[in-house]
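The values are calculated or read from the model by the stated rules, or taken from the named source; none is laboratory data. Nothing here was measured: the structure is a model prediction, and the numbers come from that model. Please note: Cβ atoms are built from the backbone with ideal geometry, for glycine as well, and neighbour counts cover all protein chains shown.
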Amino acid sequence: DAGITQSPRYKITETGRQVTLMCHQTWSHSYMFWYRQDLGHGLRLIYYSAAADITDKGEVPDGYVVSRSKTENFPLTLESATRSQTSVYFCASSHTFTGEGYTFGSGTRLTVV
Amino acid sequence: AQKVTQAQTEISVVEKEDVTLDCVYETRDTTYYLFWYKQPPSGELVFLIRRNSFDEQNEISGRYSWNFQKSTSSFNFTITASQVVDSAVYFCALSVDISGTYKYIFGTGTRLKVLA
């Protein structure tokens, strides 16, 4: 089915482990984004990508790594997970530069214990 | 600096009451977009409306209406005759060009509880 999918939907990991959250879109949208949602902060931008092999930092990039070797995939890696990275992560994509709106994935709830 | 303020953290109403969710934004850009999203208990983000900065026309969609006023930098959302299914967290967001890419800036959300 067409759309934007995130996996896993839920993840529990231990402090210090590496974990990768996957995001896949089937529209060939150029722009992709990762946000984290935390109580009291709304959603904050972690990283974004304007095209394959082009990524840049958002508001809260520390502790995260992204890559975009293919247009349709935009994985987010926590290299050494910390409890402060417990959050809900949303991936989004957009086909235009104009800011007319994103399409969001369903989110990944990550718990770091 | 760009900012979105949703001053109401949580609102509780009784079913069939009208409720207005406030959103105040800050930006110096002349071109920008404003959005409202609904996040029900299931967690996904549901798009409700988009407005661009050149279109101040208010909009009504069923029980939902939006009041965009550039003079006060506000984009308020009213639910008429609220229903229990309206219970959710509602986010207001501003989309502006930051370093050559449009990005969303979200408010902190307003949790709406509609009591039967």
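Inside the stretch A:22-61, counting only strands (runs of 3 or more DSSP E) that do not spill past its ends, which hold 2 or more residues that are within 20 Å of B:Leu45 (Cβ to Cβ) and modelled with pLDDT of 95 or more?
Once the strands (runs of 3 or more DSSP E) in the stretch A:22-61 are filtered for at least 2 residues that are within 20 Å of B:Leu45 (Cβ to Cβ) and modelled with pLDDT of 95 or more, what remains is A:31-38, A:42-51.
Taking the residues in the stretch B:28-53 that are touching a residue at least 60 places away in the same chain (Cβ under 8 Å) and out of contact with any Lys or Arg (no Cβ under 8 Å at 6 or more places or on another chain) as candidates, determine which candidate is farthest from the other protein chains (Cβ to nearest Cβ).
Looking at residues that are touching a residue at least 60 places away in the same chain (Cβ under 8 Å) and out of contact with any Lys or Arg (no Cβ under 8 Å at 6 or more places or on another chain), I get B:Asp29.
When you go through (1) within 14 Å of chain B (Cβ to nearest Cβ); (2) surrounded by fewer than 16 Cβ atoms within 10 Å (Cβ to Cβ); (3) over 23 Å from B:Thr110 (Cα atoms) one by one for A:Gly58, which number turns out not to apply?
Condition (2) is where A:Gly58 drops out.
The conditions are (1) touching a residue at least 40 places away in the same chain (Cβ under 8 Å); (2) under 12 Å from the mean Cα position of the chain (by Cα); (3) buried (at least 21 other Cβ atoms within 10 Å of the Cβ), and A:Tyr47 fails exactly one of them. Which is it?
If we test A:Tyr47 against (1) touching a residue at least 40 places away in the same chain (Cβ under 8 Å); (2) under 12 Å from the mean Cα position of the chain (by Cα); (3) buried (at least 21 other Cβ atoms within 10 Å of the Cβ), just (1) comes out false.
For B:Lys70, state whether it is more than 13 Å from chain A (Cβ to nearest Cβ) and either under 22 Å from B:Lys103 (Cα atoms) or of a type in the set (Phe, Trp, Tyr) (or both).
For B:Lys70, the condition - more than 13 Å from chain A (Cβ to nearest Cβ) and either under 22 Å from B:Lys103 (Cα atoms) or of a type in the set (Phe, Trp, Tyr) (or both) - is met.
For residues that are part of a strand (DSSP E or B) and within 14 Å of another protein chain (Cβ to nearest Cβ), scanning just the stretch A:67-97, find the one that is surrounded by the fewest Cβ atoms within 10 Å (Cβ to Cβ). Steps first, answer last, please.
In the first step, residues of the stretch A:67-97 are kept if they are part of a strand (DSSP E or B); the result is A:73, A:76-78, A:87-94.
In the following step, the residues that additionally are within 14 Å of another protein chain (Cβ to nearest Cβ) were identified as A:87-94.
Numbers: A:Ser87: 22, A:Val88: 17, A:Tyr89: 23, A:Phe90: 26, A:Cys91: 27, A:Ala92: 25, A:Ser93: 25, A:Ser94: 25.
The selected residue is A:Val88.
Which one of these does B:Ala7 not meet: (1) of a type in the set (A, V, I, L, M, F, W, C); (2) within 14 Å of chain A (Cβ to nearest Cβ); (3) over 14 Å from the mean Cα position of the chain (by Cα); (4) assigned to a loop (DSSP other than H, G, I, E, B)?
Status for B:Ala7: all satisfied but (3).
Of the numbered conditions (1) assigned to a strand (DSSP E or B); (2) facing chain B (nearest Cβ under 9 Å), A:Gly101 satisfies every one except a single condition; which is it?
Condition not satisfied by A:Gly101: (1).
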